[in-house]
Every structure is written in structure tokens, then in C-alpha cells.
Amino acid sequence: MPTFQFEAMDSTGNEIKDMIDAPTEEEAQATIRQMGYFVTKISVKKSRKAAGDKQAAKKKGKSFAIGGVKLKVLTTFTRQLSILQDAGLPILRSLRILENQSKPGALKNSLIDVCDEIEAGSTLSEAMAKSPKAFNRLYVNMVKAGEAGGALEIILRRLAEFQERAEALRRKVKGALVYPICVVLFAVGILTFIMIWIVPKFTDIFNDFDAELPVMTKLLVSASNNMYTYWYLIPGIPISIWLMVKLIRKFSVGRTGWDLFLLKMPIFGQLVEKNIVARTTRTLGTLVSSGVPILEALHITRETSSNAIFEDLYQKVYESIREGDTIAQPLKENSKPPFNVMALFFWTFFIPVIGLLLYVTRMNKRIIDDMVVNMVDVGEETGELDTMLYKVADTYDEEVAVLTDSLMSLMEPLLIILLGGIVGFIVIALFLPLIGLIETLS
């Protein structure tokens with residue numbers, strides 16, 4: 001009779017780890033539920049011989065692959081896996097089918113490893129967790145919720161829908177950014193050529209005639225000389241800033257400060273904030289509807305928020321619920337981020353003149369609106385928390401789409417005005433001295 005290792009939660013939310021003997025996994029879960037526990041993880045205890053055989057046997061069919069799995073490929077795989085599970089096929093057979101029809105690459109390699117882990121006794125979530133290049137924390141935790149709630153095919157279908165929405169939004173944003181990025185790069189190239197090659201020619205003409213240059217021309221000549229001398233700063237400055245941010249984010253206070261800076265940015269901060277709220281509420285609603293305990297659901301949602309401010313918020317909500325509180329009240333009380341010195345540094349660094357004033361005026365703004373709190377409160381009172389969370393996610397998804405369209409529509413005329421102003425300044429600064437020279441000669 002096999003021995004099953006399991007992790008469970010009792011009625012008070014405490015985690016239980018133990019082992020039990022049972023003929024099958026279904027009977028083991030039934031016995032554990034009769035003990036008054038909610039199963040969160042269960043697997044067959046592996047023997048040393050099985051582990052040794054697993055390490056010795058190398059699965060053929062792997063190919064060399066660089067990088068992770070693209071979201072579009074992973075979305076298609078998730079949708080196909082949900083269909084196979086809905087048809088009643090065993091999970092291992094479903095994975096083998098998808099592995100055989102996958103093209104050589106990172107996903108096929110990961111599926112080979114996942115199949116090997118399942119054959120050795122691991123659960124699907126445990127096997128996927130060992131292939132982080134293909135399955136991130138959100139994916140693994142959602143699958144774990146489906147296994148715990150006994151609704152893996154529903155979770156996979158919801159996960160596929162979630163990924164399809166994310167992929168559609170990403171394609172939309174990328175498509176909208178192609179035009180402004182190309183315009184900016186082309187403009188930077190043209191302006192660099194003018195400043196390094198054209199302006200010095202005019203400067204030589206002005207020096208030959210010993211003409212008195214206007215203030216605009218002096219500024220242009222000075223900028224041209226500096227750009228010619230320190231041309232390496234054009235790529236060096238953005239690369240240095242990127243490395244600095246990466247280094248600062250290695251520390252906890254730095255990561256919190258950067259995430260808070262992103263949330264409080266004018267215009268773009270709203271897009272980041274609404275996107276995170278939509279993603280976390282949809283994740284929490286999916287977990288709650290699958291029957292996962294609220295404490296475990298909040299813990300998973302916290303891990304998949306991908307923002308230090310929201311992680312701290314959900315952690316405080318988690319602690320309040322452990323003490324017997326509801327979700328809505330601590331969600332409202334802890335939605336104001338605390339002061340962070342690194343956030344102040346980023347504000348003053350990227351917006352030198354008014355960064356301090358902007359941070360002071362925006363730091364007390366809540367990251368969770370009253371609408372979200374009220375919807376959660378109504379959901380808890382009526383027992384329809386998952387439905388209310390879905391409505392919040394749908395509302396914020398629509399707001400993100402509208403805000404993205406508005407930003408893209410606004411960016412094009414702003415670029416035209418900015419580039420037109422720069423070109424106009426250069427033309428006027430170069431031709432003012434020429435007009436003076438012509439008048440003098442005539």
C-alpha cells in the first residue's frame with residue numbers, strides 16, 4: 001500500500017503536514033477530509049530507488065532552447081490542456097499528447113520534464129514548479145488551486161481566458177507603440193546627424209565672418225559641441241539608469257520604492273495600478289470560486305501581484321483575516337502606501353524640479369478605490385464574493401483598455417509637437433545669424 005505525503009489546513013487556518021497510507025490518492029483525500037482537514041497538496045512518497053532511476057534515465061527528444069516560453073504559445077497550450085481535461089483524459093496522457101504535437105523548443109522540453117516528474121509521483125503543480133521558464137508562479141498556483149478544489153479543467157479554462165486577455169492587451173499596446181518608437185528613433189538619428197555634422201559647418205561660417213551670434217544660436221552651438229565631444233553619453237545615460245534601477249531593486253526597500261514610484265506616476269501610474277487591481281481581483285475570484293480557503297487564496301494572490309506595494313497590502317489583509325476580520329475593512333485601512341525614502345529618490349531623480357512636490361501630494365492617495373471595497377463588502381455579505389471580484393476585474397479591464405487607447409491617441413500629436421518644436425528651434429537658430437550676415441553684406 002503506497003504512502004502519501006500531504007499538506008492541509010485545519011478549520012483555524014493552521015498548516016498541517018503528515019503522511020497517510022491508502023490504496024489510491026482519492027481514498028487518501030477522502031480520509032484526510034474525514035479528519036477535518038482541507039487538502040492543499042498530496043503526493044506519493046518517493047523511494048530512493050525511484051529517485052535514482054529518475055536521475056539515471058534521461059528523456060530523449062529534448063532540443064536546445066534559449067529563453068522562456070512565449071505567452072502566445074503558453075496560452076494555446078493551456079487552452080488545449082483544458083479541452084483534454086474537460087474530455088476526461090488522464091493528466092499524464094493529456095500532457096503526452098501535447099508534448100508530441102509541440103514544436104522543438106522550451107515548451108516541449110518543459111513538458112518532457114513535467115511528464116517525468118508526474119511519473120515519479122509528483123502532482124501537476126509540483127512538476128510545473130520545477131520548470132519556471134515555462135510556468136510562472138501565477139500559473140503554478142492556479143494549477144495548485146485547481147488540484148486542491150478538484151476543478152482543474154475549470155481552472156485551466158479560466159487561466160487560458162486570463163492569458164488570452166493579457167496577450168490581446170499586450171498585442172494592442174505593442175501595435176500602438178510601433179509608430180511612436182519608430183518616429184522617436186528616426187528623429188534621434190536625424191537630430192544627432194544635424195548636431196554633429198551640420199551645425200559645425202554653420203559654426204565655421206559664422207566664425208569666418210566674426211558675426212555676433214544670437215542667444216539661440218549660442219545655445220545650439222554649445223549643445224552641438226557637447227554632443228560631438230560626449231557622443232558616448234547618448235547610449236550611455238539610458239543604459240546607466242537602467243543598471244542603477246536594476247541594482248536598487250535588488251534590495252527590499254529599493255524594490256518597494258520603485259514599485260511605489262510606478263504606481264504614483266502621472267497618467268501611466270493609473271494604467272499600472274488598474275492593471276494590477278484587475279489581475280489580482282480576477283485571480284482571487286478564481287481561487288475563491290474554486291473552493292480554495294480564503295487564507296490560501298490571499299496568499300496565492302499576494303505572490304502573483306508582482307508589485308511590492310500590493311504584496312504588503314494583501315499580507316496585511318491576510319493577517320487581519322487570521323484574527324477574525326473581514327476582507328473589506330483591512331483592504332480599505334491598508335490601501336494607503338507608507339512613506340518610502342527610495343520612492344522620494346526616484347521622484348526627485350526623474351523629475352528634478354517638481355518631483356518632491358508631486359510625491360508629497362500623491363503619496364497619500366489610496367491604491368484601492370472605494371468602489372472595489374464596496375463591491376468586496378457586498379460580496380462578503382451576500383456570499384457572492386467571487387462574482388463581485390469578477391465584476392471588479394471586468395470593470396478595471398475595460399478602464400485599462402480605454403486608458404490605453406487614450407494614451408496612444410494623445411502620444412502621436414505630442415510627438416509631432418515636440419519634434420516640430422526641436423526642428424523649428426534648430427532652423428531659427430541657424431538662420432538668424434545668416435539673415436544678419438546678409439543684411440550686413442548688402
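Data overview
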| item | result |
| --- | --- |
| The range 334-345 residues that are in contact (Cβ under 8 Å) with a residue 40 or more places away in the chain and of a type in the set (Gly, Ala, Ser), paired with ones that are surrounded by 13 or more Cβ atoms within 10 Å (Cβ to Cβ) and part of a loop (DSSP other than H, G, I, E, B) (beta carbon under 9 Å, 6 or more apart) | 343/337; 343/363 |
| Single residue of the range 322-345 satisfying the filter (hydrophobic (A, V, I, L, M, F, W, C) and out of contact with any Asp or Glu (no Cβ under 8 Å at 6 or more places or on another chain)) that is surrounded by the most Cβ atoms within 10 Å (Cβ to Cβ) | 343 |
| Selected residue (criterion: surrounded by the most Cβ atoms within 10 Å (Cβ to Cβ)) from residues of the range 113-141 that are part of a helix (DSSP H, G or I) and polar (S, T, N, Q) | 141 |
| Count of residues meeting criterion [in a helix (DSSP H, G or I) and either crowded, with 20+ Cβ neighbours inside 10 Å or without any contact (Cβ under 8 Å) to a residue 60 or more places away in the chain (or both)] in the range 72-90 | 12 |
| Flag if residue 252 is over 26 Å from residue 393 (Cα atoms) and surrounded by fewer than 13 Cβ atoms within 10 Å (Cβ to Cβ) | yes |
| Residue in the range 215-226 that is modelled with pLDDT under 80 and among the basic types (Lys, Arg) present | no |
| Of the criteria (1) within 25 Å of residue 286 (Cα to Cα); (2) buried (at least 21 other Cβ atoms within 10 Å of the Cβ), which one residue 110 fails | (1) |
| Residue count for the range 16-31, restricted to those that are within 37 Å of the chain's Cα centre (by Cα) and surrounded by 12 or more Cβ atoms within 10 Å (Cβ to Cβ) | 4 |
| Matching entry among 296, 319, 303 (being crowded, with 20+ Cβ neighbours inside 10 Å and out of contact with any Phe, Trp or Tyr (no Cβ under 7 Å at 6 or more places or on another chain)) | 296 |
| Enumeration of residues in the range 148-175 that are of a type in the set (Asp, Glu) and at pLDDT 80 or above | 153, 161, 164 |
| Count of the range 294-320 residues which are free of Cβ contacts under 8 Å to residues at least 60 places away in the same chain and β-branched (Val, Ile, Thr) | 4 |
| Criterion violated by residue 291 - all others in (1) on the phi < 0 side of the Ramachandran plot; (2) touching a residue at least 40 places away in the same chain (Cβ under 8 Å); (3) not acidic (Asp, Glu) satisfied | (1) |
| Residue check, residue 189 free of Cβ contacts under 8 Å to residues at least 60 places away in the same chain and small (Gly, Ala, Ser) | yes |
| Of all residues in the range 352-363 being among the aliphatic types (A, V, I, L, M) and over 24 Å from the mean Cα position of the chain (by Cα), the one that is surrounded by the most Cβ atoms within 10 Å (Cβ to Cβ) | 358 |
| Hits in the range 86-110 - residues which are closer than 23 Å to residue 162 by Cα, modelled with pLDDT of 85 or more and of a type outside the set (Asp, Glu) | 91, 94, 95, 98, 107, 108, 110 |
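The values are calculated or read from the model by the stated rules, or taken from the named source; none is laboratory data. Because the structure is predicted, anything quoted here is derived from the model rather than measured. With ideal geometry, Cβ positions are generated from the backbone for all residues, glycine too; neighbour counts draw on all protein chains shown.
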